[in-house]
Ligand SMILES: Cc1cc2nc3c(=O)[nH]c(=O)nc-3n(C[C@H](O)[C@H](O)[C@H](O)COP(=O)(O)O)c2cc1C
């Protein structure tokens, strides 16, 4: 299990290498069964325009047949970036709903925005 560097710039370089090599970093823990859920929100930070590759390590282990997935991405300028396209690719069999972008620096004070989005999109 590899830990990411605490240093921002080092982490950025590691993440770029993982993206370039289409890596699937191992997670400490995986979800194995999402059969009891219909709607699934995949929230994560924007790393080089998409989710961290470790998110795909998890998504590829799950069966999304008949599910609806919603991209939520924190970012520092890229907005939703490639989040919807990534879910289309990595959540085989799922429909992709409207997503949400949250400015990373404002994440702690975005509860109302997130709740409003969830109410509108997920009911
Ligand atoms: C490796 C790495 C790559 C990043 N790439 C982007 C990017 O392409 N676009 C962007 O808007 N923000 C980018 N960011 C900023 C993150 O999206 C931002 O730090 C995150 O959303 C805030 O969550 P955090 O506090 O968990 O880092 C990057 C950050 C890291 C560490």
Given the conditions (1) surrounded by 15 or more Cβ atoms within 10 Å (Cβ to Cβ); (2) in a loop (DSSP other than H, G, I, E, B); (3) out of contact with any helix residue (DSSP H, G or I) (no Cβ under 8 Å at 6 or more places or on another chain), every one holds for residue 25 apart from (3)
Residues of region 97-123 being over 13 Å from residue 73 (Cβ atoms) and away from the ligand (no atom under 16 Å from the Cβ), in sequence order, are 97, 112, 115, 116, 118, 119, 120, 121, 122, 123
Handout entry: Hey, residue 92 on the phi < 0 side of the Ramachandran plot, at pLDDT below 95 and assigned to a loop (DSSP other than H, G, I, E, B) or not
Key = yes
Test result for residue 55, assigned to a helix (DSSP H, G or I), within 13 Å of the ligand (Cβ to nearest atom) and in contact with a strand residue (DSSP E or B) (Cβ under 9 Å, 6 or more places away or on another chain)
yes
Subset of region 43-52, residues in a strand (DSSP E or B), touching a strand residue (DSSP E or B) at 6+ places or on another chain (Cβ under 6 Å) and more than 7 Å from the ligand (Cβ to nearest atom), comes to 43
Of the residues in region 58-85, those that are more than 14 Å from the ligand (Cβ to nearest atom) and either at pLDDT below 95 or assigned to a strand (DSSP E or B) (or both) come to 68, 69, 70
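The values are calculated or read from the model by the stated rules, or taken from the named source; none is laboratory data. Just so it is clear, the structure is predicted and the values come from calculations on it, not from any experiment. Neighbour counts are summed over all protein chains in view; Cβ atoms, including those assigned to glycine, are modelled from backbone coordinates with ideal geometry.
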